[in-house]
Amino acid sequence: MYNKNAWKSYSKEDLEKVMSFAEGYKDFISKGKTERECVTLGVKIAEEHGYKNIKDCKELHPGDKVYSVNKGKNIAIMVVGQKPVEEGLRVLGAHIDSPRIDVKQNPLYESTGFCLMDTHYYGGIVKYQWVAIPLALYGVVCKKDGTVINISIGDDPSDPVVGITDLLPHLAGDKMQKPAYKAIEGEALDVTMGSMPLEGEEKESVKAHVLKILKEKYDFEEEDFLSAEIEIVPAGPARDYGLDRSLVAGYGHDDRVCAYTSMMAVIDAGECEYTTCAVFVDKEEIGSVGATGAQSKWFENVVAELVDLTTSYSELKVRHALENTMMLSSDVSAGFDPLYAYVNDSKNSAYLGRGICFNKYTGSRGKSGANDAAPEYFAKIRNVMDENNIHFQTSELGKVDQGGGGTIAYILGNYNMNVIDAGVPVLNMHAPMEVISKADLYEAYKAYKVFVKHM
């Protein structure tokens, strides 16, 4: 009923808007390779549009534009609405962490003339997809004196890249007999850092050379890896995909595609009836845990701060604000892939090019771990989407008992607010190169903007 191809409805002017919006997104996702980089970009974009740090405000009034940052890994971008915060917010919540490979705390070692880096993967990766491709290093090294050094190696055209080697097919007979999930073991995802010995060094001379380069470029010692957070991600920018340039290939669409569209929707919507918020969280790929995950108290504290700066504070007002909030859990859906049609229920799948996708529930098996949004809430959303000519579709994550997954929706639902998942269909989800449709990207942006303005 709603599975109409969005491309067929676009005028020439619409197509120009779709393509133009995609260019801004490609720049964001190419630079935002980690959650820290996404927050830095979010602050930059927000300040360019007149937003101020909420910590610098003594009071807030309707129309005021503020942002809040938590530990360099979360950001909330907000516009104060005409109604009191106690009456609820209109929230777009996305996560900005993506599956990747992390560097261990004692990582460097030398073996047979190579300096290698020991790693521990993060999130649900398919390990064999991460070998024999160019990789980049991003993160921070925190020294004992309080100095924080930002690391970025592999995306500048003048930079070298690193990578994880794989076995040639001529000698891979035994490996090919293993199940796919065991073909590459987690402990084998070690990154090649160099092979040139340092002149004058006899013991571990290749490792010594790599450490010398790091010392000269970034001024840190081997022991500083103990307090470092370095992520290994695919090197290279997002690119147009397909001869018709209708798709975008890149790393981290899950879930930075929803983060960018949410942020731009709040910014472009301006002042609304209700306070609007695009909130980006960390750690979703490993359970939304920790101080920067959706299960932390940070977002609750942000709402408390809004209440305090807009009216007389009370804990009850904060509780009312959270309970009266309406939220879209802005996360991606599994796009229908014709090469793997057998894992999907074709009537309840997300198709690229058919607009934003709503998931009433996610979870696995018997909806385990799902939010399972209220139908009354989705009926209101359907009405608003239809009234504003938004292309949307609904889906489930594969056939029943085929697999499953989760989002942050159920966590925010614990506040008794209405939440439903709504995002962009993705092919190759969790792979080093994911694929989305520019039409879905643009429809998500429009849908998010309509939600904050009219719900």
Which of the residue pairs LYS8/LYS380; LYS73/LYS453; LYS317/LYS438; LYS55/LYS360; LYS31/LYS71; LYS8/LYS283 have a Cα-Cα distance greater than 29 Å in the structure shown? LYS317/LYS438; LYS55/LYS360; LYS8/LYS283
Pairs of Cα atoms farther than 27 Å apart, the range 38-192, %: 47 percent
Relative intensity, log₁₀ I(q)/I(0), of the range 245-290 from a Debye sum that treats every alpha carbon as a point, q = 0.29 Å⁻¹: -1.05
Against the 2.2 N^0.38 Å rule of thumb, the C-alpha Rg of the range 264-420 sits at a ratio of 1.14
How far apart, in nanometres, would the label points at GLU187 and PHE378 be if each is projected 7 angstrom from Cα along the Cα-to-Cβ direction? 4.6 nm
At ASP27 and SER158, where each label point lies 7 Å from the Cα along Cα→Cβ, what is the point-to-point distance in nanometres? 2.2 nm
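Within the P(r) computed for the chain, what percentage of the Cα pairs occupies the region above 31 Å?
Numbers: 45126 of 103285 pairs.
Summing the P(r) tail past 31 Å for the chain gives 44 percent.
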Rh_Kirkwood(the range 351-455) over Cα pairs, Å, one decimal, evaluates to 14.5 Å
Restricting to DSSP H runs of at least four residues, report the calculated mean residue ellipticity at 222 nm for the chain, -39500 (n - 2.57) per run over all residues, nearest 500 deg cm²/dmol. -9000 deg cm²/dmol
Between the alpha carbon centres of the range 111-159 and the range 243-261 the gap in Å comes to 23 Å
For the range 186-285, rounded, prolate or oblate, judged on the Cα gyration tensor with a ≥ b ≥ c (square roots of eigenvalues), a/c < 1.5 rounded, else prolate if a/b > b/c? prolate
Considering amide H positions built from the backbone, and no H for Pro or chain starts, which residues 5 or more places from LEU108, or on another chain, come under 5 Å of its amide H? ASP118
Are there trypsin sites (Lys or Arg not before Pro) in the range 274-333 that DSSP marks as loop and that have at most 15 other Cβ atoms within 10 Å, and which are they? LYS297
Could you check the spin-label model distance between GLU87 and LEU167? Points 7 Å from the Cα along Cα→Cβ, value in nm. 6.6 nm
Long-range amide H partners of PHE336 with built H, under 5 Å: ALA350, TYR351, LEU352
May I ask you to evaluate 6.51 cos²θ - 1.76 cosθ + 1.60, the Karplus curve with θ = phi - 60°, for each residue of the range 163-176 and list the ³J(HN,Hα) values in order in whole Hz, giving x for glycine and proline? x, 10, 6, 10, 7, 5, x, 4, 10, 9, x, 5, 5, 5
Tally of Lys pairs whose C-alpha atoms are under 25 Å apart, taken over the range 92-225, 8 or more apart or cross-chain: 25
Amide H partners (placed H, <5 Å) of GLY405, local residues excluded: GLY363, SER364
Let me spell out the model: positive unit charges on the Cβ of Lys and Arg, negative unit charges on the Cβ of Asp and Glu, origin at the Cα centre of the chain. What dipole size does that give, in debye rounded to 20? 1200 debye
Where does the Debye-calculated log10 I(q)/I(0) of the range 122-181 sit at q = 0.26 Å⁻¹, using only Cα point scatterers of equal weight, no solvent? -1.11
Summing Lys, Arg as +1 and Asp, Glu as -1, what charge do residues with Cβ under 15 Å from the Cβ of HIS454 carry, HIS454 excluded? +2
Derived scalar couplings ³J(HN,Hα) [the range 332-343; Karplus, 6.51 cos²θ - 1.76 cosθ + 1.60; whole Hz; x for Gly, Pro]: 6, 10, 6, x, 5, 10, x, 6, 10, 4, 5, 8
If you roll a 1.4 angstrom probe over the protein chains with everything in place, what fraction of the accessible area of the chain belongs to carbon and sulfur, to the nearest %? 50 percent
Treating only the Cα positions of the range 1-86 as identical point scatterers, give the base-10 log of I(q)/I(0) from the Debye formula at each q in 0.18, 0.19, 0.26 Å⁻¹. -0.90, -0.92, -1.18
Hey, with R₀ at 51 Å, roughly what FRET efficiency would ASN106 and LYS347 work out to, going by the Cβ-Cβ distance, to 0.05? 0.50
With every protein chain present, what is the per residue accessible area of the chain (1.4 Å probe, Å²)? 45 Å²
Residue-by-residue Karplus 3J(HN,Hα) for the range 344-350, coefficients 6.51, -1.76, 1.60, Hz, glycine and proline x: 10, 8, 4, 6, 10, 10, 9
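The values are calculated or read from the model by the stated rules, or taken from the named source; none is laboratory data. No experiment lies behind these values; they were computed from the predicted model shown. Note that we place each Cβ from the backbone using ideal geometry, even for glycine, and neighbour counts take in every protein chain shown. For accessibility, only protein heavy atoms count, side chains too; no ligands or nucleic acids. Shrake-Rupley method; radii C 1.70, N 1.55, O 1.52, S 1.80 Å.
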